[in-house]
Every structure is written in C-alpha cells, then in structure tokens.
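Quick one: structure below, then a few questions.
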Amino acid sequence: MAEAGAPPRWAVVTVSDTRTEATDLAGAQLVDRARRAGHEVTRRALVRDRVAEIRDAVRRALADAAVDAILVTGGTGLAPRDVTPEAVQPLFERDLAGFGELFRMLSFEEVGAAAMLSRACAGVARGRPVFLLPGSPRALALAMDRLILPEIGHLLAQIRRPG
C-alpha cells in the first residue's frame, strides 16, 4: 500500500454484460477523475454481471499490494442481473453505511425519488475501501466529486491508524 500522505492508488472494476474495453465509458470516467485528482490507477478490469466473476475481480484487486482503494461500477440497480452488492458485500469487514446514505441523499437532489433505487454502497475489505457505484456518468461524477475524492485521504488515514 502507498505510504501515508502518498496519492491513493486505485483499482477500477467495471461490471457489465454489454461493455467492452473500447466502450467502457464508466470505467474510463473513473480512471480520468482519479488521475485528474493526482491519483494513480494501477489496475483495471471488466467483468460480466456474474457473482463469481465480480467477487474474483475484487479479490484480485485486494490481493494487489499496489492497490489502496477499489472502485466498482455497474450492477448496483434492481434489475435481475444487478448482483454487484451480493458479490462484494460478503467481503466487507466493515460497512461504510454513510456513503450509501449520502450518495442517495445527493442523488435525490438531482433525480428525485428514483434515487431510492440505487444500491450504491461502500465498505472496508482487507484494510481497503471498496466503493460499489452505479454505471451512469452523472452518478459517477456525483460520487467521485462530492464524496469519494474529497474524503479518500482521511478515510485511508483512519483505516491505517494503529489500534
């Protein structure tokens, strides 16, 4: 993991049955936002909406010493194929319930009651924050710009704090 004060190093995982590396706009947006914030993206993956594939991609990112935090985009809605929370939440040692609550509150300001349909959430797994995000560009911008990027340094410091 990066030393205290160093820019975070991210893994970005896109969950989609329809995207390819060339058409993965959500993953590209996350990479771009992280890099514009001065952070590094050390790992990127594209997996299908399958619990085992999603969980395996997140486990591989968690096993990578060059990853400080993980962004997973896609599969957080209510469609039958949206299984990202089911795949990843069992890996969480701690939930970051406030992330999902704030995300939906801010989303409500933009999209109204439809915000309640989002199952965006976050947690800590193997000492790393993992954010499960929708695939929509507006939702990703909201999550990154208003919640994740402003707080990631403090979040990492708290996780790494000696007990």
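Readers should treat all values here as calculations from the given coordinates under stated rules, not as data from a laboratory. Since this is a predicted model, take the numbers as computed values, not measurements. We place every Cβ from the backbone using ideal geometry, glycine too, and count neighbours over all the protein chains shown.
In whole percent, what relative contact order does the stretch 4-163 give with Cα contacts below 8 Å and a gap of six or more residues?
25 percent
Using the basic label-point model (7 angstrom from Cα toward the beta carbon), what is the Thr18 to Leu78 distance in nanometres?
So the two model labels end up 1.9 nm from each other.
At a 10 angstrom cut-off on C-beta neighbours, averaged per residue, how do the peptides 69-79, 38-48 rank from highest to lowest? Could the numbers behind the result be given before it?
Numbers: 69-79: 22.8, 38-48: 17.4.
Per-residue mean Cβ counts within 10 Å order the peptides as 69-79, 38-48.
Grab the other residues whose beta carbon is less than 12 angstrom from that of Met116, score K and R as +1, D and E as -1, and report the net.
That works out to +1.
Amide H neighbours of Leu96 under 5 Å, counting only residues 5+ apart in sequence or on other chains, H built in-plane at 1.01 Å?
Ala122, Gly123, Val124
What Kirkwood hydrodynamic radius, in Å, does the chain give when the mean of 1/r is taken over all pairs of distinct Cα atoms and then inverted?
Evaluated on the chain, it is 15.6 Å.
Compute the signed sum of charges (Lys and Arg +1, Asp and Glu -1) over the other residues within less than 11 Å, Cβ to Cβ, of Thr42.
Local charge sum for Thr42: 0.
Right, next: So what is the calculated 222 nm ellipticity per residue for the chain, using -39500 (n - 2.57) for each DSSP H run with n of 4 or more, over all residues, to the nearest 500 deg cm²/dmol?
Numbers: 6 runs with 63 residues, N = 163.
Calculated mean residue ellipticity at 222 nm is -11500 deg cm²/dmol.
Would you mind calculating the gained length between Ala66 and Arg48 on full extension (0.36 nm times residue separation, minus the Cα-Cα distance), in nm to one decimal?
Value of the extension gain: 4.1 nm.
Next question. Between Arg36 and Met116, what is the FRET efficiency for a Förster distance of 25 Å, r being their Cβ-Cβ separation, to the nearest 0.05? Provide the component values of the computation, followed by the final result.
On the way: r = 30 Å, r/R0 = 1.22.
So, using R0 = 25 Å, E works out to roughly 0.25.
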